[in-house]
Structure formats: C-alpha cells, structure tokens
1. Select, from Val51, Val70, the only residue that is loosely packed, with under 10 Cβ neighbours inside 10 Å and either within 15 Å of the chain's Cα centre (by Cα) or farther than 29 Å from Ala11 by Cβ (or both).
2. So in the stretch 27-44, with the set limited to residues that are assigned to a helix (DSSP H, G or I) and of a type in the set (Val, Ile, Thr), which one is surrounded by the fewest Cβ atoms within 10 Å (Cβ to Cβ)?
3. What are the pairs, 6+ residues apart or on separate chains, where a residue within the stretch 34-57 that is under 18 Å from Ala73 (Cβ atoms) has its Cβ under 8 Å from a residue that is in a helix (DSSP H, G or I) and modelled with pLDDT of 80 or more?
4. So which of Tyr85, Tyr26 is among the aromatic types (Phe, Trp, Tyr) and in contact (Cβ under 8 Å) with a residue 40 or more places away in the chain?
Amino acid sequence: MTNNSITIRLAPKDIEQIDNKVEEGYFTSRSDMIRTSVRHYINELGNIPPVIEEMGRRADEKKITKDKIVKAARKARKQVYKEEYGND
C-alpha cells in the first residue's frame, strides 16, 4: 500500500498537545498520532448511534434539508473553534 501525503494547518494549542503525547511516549511522531486519531475518528463515524438516525428521520419529516443541517453544523463548529482557539 502506498501512503499519500497531505498538509494540514493546526492551531498552536493543538500542536502543543500532539507534541506532549509524543513526548509522553503515546505515539512515535506527530504523524503517528494524527494517523491514529484519524483512523479512530473514522471508525467512530461508522458507529453512528440510533439517535442520529432518528434525528435524520425527523428532519426529513419536517422538510429540513441536509444542506441546511450541514451549514448549521459548520457554523456551530466554527463558533466553538473560535471560542476555544481565537481567530486562527
């Protein structure tokens, strides 16, 4: 299997936390930590709880589009990020 490379930008606070976990020996490198975290997150997304599915059914019943839900989720995520990390 060939690995591909990507570039990401992280807040200094996130990099510091990653570096701390590497220094503590949980991971061998930043890349190892990020790869492991991404795999874990993808696996978690595969285990979507029934309540999420129910929310989707209710949204359909109320004619709330997926696009509207995604926009609202992105707006909320940006707000939480801004409150946590500032304007990065």
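The values are calculated or read from the model by the stated rules, or taken from the named source; none is laboratory data. These figures come from a predicted structure and were not determined experimentally. Cβ sites come from the backbone with ideal geometry, for glycine too, and all protein chains shown count toward neighbours.
1. Exactly one residue qualifies, and that residue is Val51.
2. Ile42
3. From residues that are under 18 Å from Ala73 (Cβ atoms), there are no pairs.
4. Tyr85
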